[in-house]
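Student: Please find one structure pasted underneath; my questions will follow.
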Amino acid sequence: MATKIPTEIIIEICLHLTPNDLYSLSLICKKYRSLLWSTTTTTQDIWRLSRLSFVPNLTLPPPLLHTNNKEPLKRMSEQQYIWLMILCEKCYFCDQKNKMELTMYWEGKFYSCEKCLAKKVIR
Ligand SMILES: [Zn+2]
């Protein structure tokens, strides 16, 4: 049934959803996943609007990513940014969910607890 809804209508609906709802929708089927995890301007606008409408303390744009010096600087996608800042709630390696124990590592784009970081990451 969902596959019969025209993409334009799905996009219109998405423009009114919270980041959590967008994420949930992306888990429903391949069509929604492909739409909502794309890096097209339309999809980035959907997530940006959702972030600005429903997460008032997250108004800064996604950060620039470290690249090697040969490539131009790239901005993190809206989906990655929202995932890291709002949706991700546990250590990347274990199930530690206490946010006070977790630190975000922008270079690797993940949250980790100190114990896992010491064991899993080479500095
Ligand atoms: Zn951990």
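Student: Pull out all pairs, ordered by first then second residue, where Cβ-Cβ is under 7 Å, the residues are six or more apart or on different chains, the first lies in the range 55-67 and is of a type outside the set (V, I, T), and the second is assigned to a loop (DSSP other than H, G, I, E, B) and surrounded by 12 or more Cβ atoms within 10 Å (Cβ to Cβ).
Tutor: P62/M76; P62/S77; P63/M76; P63/W106; L65/M76
Student: Could you count how many residues in the range 78-93 are part of a loop (DSSP other than H, G, I, E, B), surrounded by fewer than 17 Cβ atoms within 10 Å (Cβ to Cβ) and touching a residue at least 24 places away in the same chain (Cβ under 8 Å)?
Tutor: Number satisfying all stated conditions: 1.
Student: Here's a follow-up. Which one of the conditions (1) open to solvent by less than 70 Å² (accessible area, probe 1.4 Å); (2) under 19 Å from I5 (Cβ atoms); (3) at pLDDT below 95 does V55 fail to meet, given that it meets all the rest?
Tutor: (2)
Student: Identify all residues within the range 1-44 that are without any contact (Cβ under 8 Å) to a residue 40 or more places away in the chain, closer than 18 Å to I86 by Cβ and open to solvent by 60 Å² or more (accessible area, probe 1.4 Å); write none if there are none.
Tutor: If the condition is that a residue be without any contact (Cβ under 8 Å) to a residue 40 or more places away in the chain, closer than 18 Å to I86 by Cβ and open to solvent by 60 Å² or more (accessible area, probe 1.4 Å), then H16, D21, S24, L27 are the ones that fit.
Student: Counting just the residues of the range 103-123 that are open to solvent by less than 100 Å² (accessible area, probe 1.4 Å) and touching an Asp or Glu at 6+ places or on another chain (Cβ under 9 Å), which one comes out nearest to the ligand (Cβ to nearest atom)?
Tutor: Per the criteria, the residue is C113.
The values are calculated or read from the model by the stated rules, or taken from the named source; none is laboratory data. No experiment lies behind these values; they were computed from the predicted model shown. Methodologically, a virtual Cβ is constructed for each residue, glycine included, from the backbone with ideal geometry; neighbour enumeration extends over all protein chains shown. The area values use the complete protein model at the heavy-atom level, side chains included, leaving out ligands, DNA and RNA. Shrake-Rupley method; radii C 1.70, N 1.55, O 1.52, S 1.80 Å.
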